[in-house]
1. Over 5 Å intervals from 0, what percent of Cα-Cα pairs in chain A sits in each interval?
2. By how many nm would the segment from B:R85 to B:S27 lengthen if fully extended, with 0.36 nm per residue of separation less the alpha-carbon distance?
3. Across the Cα atoms of the range B:35-113, what radius of gyration and what greatest pairwise Cα-Cα distance (Dmax) are found, in Å?
4. For chain B, the longest stretch holding no GluC sites (Glu not before Pro) located in a DSSP loop with at most 15 other Cβ atoms within 10 Å is which?
5. Percent of Cα-Cα pairs more than 17 Å apart in the range A:1-52, please.
6. Translational diffusion coefficient, Stokes-Einstein: compute it for the protein assembly as shown using the Kirkwood radius over C-alpha pairs as Rh, at 37 °C and 0.692 mPa s, and state it as an integer in µm² s⁻¹.
7. Where a Cα-Cα gap under 29 Å defines reach, which lysines qualify for B:K68, not counting those fewer than 8 residues away within the same chain?
8. Starting from the amide H of B:T101, placed 1.01 Å from N in the peptide plane, find each other amide H under 5 Å away whose residue is 5 or more places distant or on another chain.
Amino acid sequence: QKEVEQDPGPLSVPEGAIVSLNCTYSNSAFQYFMWYRQYSRKGPELLMYTYSSGNKEDGRFTAQVDKSSKYISLFIRDSQPSDSATYLCAMSAVGGGSNYKLTFGKGTLLTVNP
Amino acid sequence: DAGVIQSPRHEVTEMGQEVTLRCKPISGHDYLFWYRQTMMRGLELLIYFNNNVPIDDSGMPEDRFSAKMPNASFSTLKIQPSEPRDSAVYFCASSYGQGNTIYFGEGSWLTVV
């Protein structure tokens, strides 16, 4: 079993839809959970960061972590065409923020259609 | 700030040739990372440096790969000899201190034919 599993999609939604992106993981030592956004032919950029279980909201984006189920989610409300990108989950067992021993999911390709 | 700068952006080379990828981290950052991204394996950490010193190279796939950081503003990732299975996007990234945001460059797209 891979340490981090993420459905690669692709996921195609109409503008204004609520998008749900998810990852599961197997390593119970993971404490720090991140979502990165990667536009086509660009490097990943940090979108959301959460420590341990719980929710975090930032504008249209909400990150949820359920450590008991080893399941993390990213919700995008009122999705926009500019949200079209690949979304990668990442997690680490030590340190905080975007730390060095990150394990990434393979990413979900999202397209928001106008 | 100009961000993390990588060169070349694209490289096509023949099997057996040496490939050198270059990276200039963000000024003042003390951590530098090399990642590789493929469809099959996703984004993988190859090696990272702290204050120019290699800390963990356990992700380097084999002896054909080597990385150096001669000073705080420059790093190289070298593949010698290159093989078709090395075809991937190689990202350099940097951060300041532990636990802070990692900033990625735009990647070097390598194709080995």
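1. 2, 13, 24, 26, 19, 10, 4, 1, 0
2. 17.6 nm
3. 12.7, 39
4. Longest site-free region, per DSSP loop and neighbour criteria: B:63-113.
5. Looking at the range A:1-52, the distances longer than 17 Å represent 53 percent of pairs.
6. Estimated via Stokes-Einstein, D reaches 182 µm²/s.
7. By straight Cα distance, B:K68 reaches A:K42, A:K101, A:K106, B:K24, B:K78.
8. Under 5 Å from the amide H of B:T101: A:S98.
FYI, it's all coordinate maths here, none of it is from the lab. Model, not experiment: these values are computed from the prediction. Note that each Cβ is placed from the backbone with ideal geometry, even for glycine, and that neighbours are counted across all protein chains shown.
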